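Here, each number is a calculation from the coordinates, and none is a lab measurement. Only a predicted model underlies this, so the values are computations on that prediction, with no experimental measurement involved. Quick reminder, even Gly has a Cβ in these numbers, built from the backbone with ideal geometry, and neighbours come from all protein chains shown.
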Amino acid sequence: GPLEEMSIPLFFGFFLLSSIQDKIRCTSMDFLKTLDTLEPFKTHMTDFTGKPDKEVDLEQYFKATGTLHCTTKYCNYGKAEGAKEYAQKQAVKDLYGSTFELALGALFVTPRTVGARVSLTEEQLLLWPDDAEKEAESSVPAAASLPLGSRAHITLGCAEGVEPVQTGLDLLDILALQQEGQKAELVVEMELGSLTYYGEGRWLLLLREPICALACFSSYYK
Ligand code: A2P
């Protein structure tokens, strides 16, 4: 009935503790600031501006998107496919409210979004829906052939008019290119790690030191 539907949240996910949120926001800002000044980035600036000789301030370009989290299942209050089944999963019930250490292994930027890739552990994968990657197939055809958990990410910012759901699709798109063995167009060594360009404004920074972030598995209602 309607009451039952009300009890299903907008989404389930890992919610980062506030001190680590500040740290990640700082790292993300530093990364964008540095990226903006790199010659290889400037060379490909038209990916972001659409016209030559125009500068972009990445810190202004992306808008913050609220409390930092890694969505596991988007439920839309029970209206999304598989929402009820997910909410009833044993692992979801058992682990609800538990704290986990998330490993952030990479940061990525596209003309649409900026995000952090999350590498889930075996235990964390118990909370990952089986069809999360397959669901993205209409946008990223190779998504279904990527390993479970490939879509796991934290949205750090979106360009004007872009919805946060895009961040996971952008990540899958980059991972699909990696899997195809498409040769990266270029690699730049940065203090934070090695930065790879995949064309069309797609940049991925593989962190030298993964960021460990404490996060609580919970849910969100707007
Ligand atoms: P993300 O997980 O990339 O941040 P919204 O504010 O648009 O309602 O979205 C709420 C949260 O759910 C956001 O974190 C968003 O993206 C995620 N989300 C929205 N739609 C989907 C979807 N169709 N599939 C997976 N995640 C979604």
In the chain, what is the volume of the convex hull around the alpha carbon atoms, normalised per residue and reported in Å³? 125
Would you mind computing, in nm to one decimal, how far apart the modelled labels at K84 and M190 are, each placed 7 Å from Cα along Cα→Cβ? 4.6
Show me the GluC sites (Glu not before Pro) within the stretch 35-103 that DSSP assigns to loop and that have at most 10 other Cβ atoms within 10 Å of their Cβ. E55
So what's the net charge close to C212: Lys and Arg +1, Asp and Glu -1, counting the other residues with Cβ under 12 Å from its Cβ? -1
Would you tally the net charge around D170, using a Cβ to Cβ cut-off of less than 11 Å, leaving D170 out, and scoring K and R as +1, D and E as -1? +2
Exceeding 30 Å between C-alpha atoms, which entries from my cross-link table qualify? They are K33/K183; K23/K183; K93/K134. K23/K183
Note, ³J(HN,Hα) from phi for the stretch 150-166, Karplus 6.51, -1.76, 1.60, rounded to Hz, x at Gly and Pro: 4, 7, 4, 7, 10, 6, 9, x, 10, 5, 3, x, 9, 7, x, 4, 5
Expected output is a single nm value to one decimal: the length gained when fully extending between L148 and D94, i.e. 0.36 nm times separation in residues minus the C-alpha distance. What is it? 17.4 nm
Can you tell me the length gained on complete extension of the stretch R208 to A64, counting 0.36 nm per residue apart and subtracting the Cα distance? 49.4 nm
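Just flag the chymotrypsin sites (Phe, Trp or Tyr not before Pro) in the stretch 1-104 sitting in loop per DSSP whose Cβ has no more than 14 other Cβ atoms within 10 Å.
Of the chymotrypsin sites (Phe, Trp or Tyr not before Pro), the ones in loops of the stretch 1-104 whose Cβ has at most 14 other Cβ atoms within 10 Å are Y96.
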Taking Cα centroids, how far is the stretch 17-40 from the stretch 85-156 in Å? 22
Rg and Dmax of the stretch 135-191, using alpha carbons, in Å: what are they? 12.8, 36
Between T37 and T121, with labels modelled 7 Å along Cα→Cβ, what's the label distance in nm to one decimal, could you check? 3.7
Scaled radius of gyration (Cα, divided by 2.2 N^0.38 Å) that the stretch 68-109 gives: 1.43
Rounding to the nearest 20 debye, state how big the charge dipole of the chain is about its Cα centre with +1 on each Lys and Arg Cβ and -1 on each Asp and Glu Cβ. 340
Once you list every other residue whose beta carbon is under 12 Å from the beta carbon of G82, what net charge do they have if Lys and Arg are +1 and Asp and Glu are -1? 0
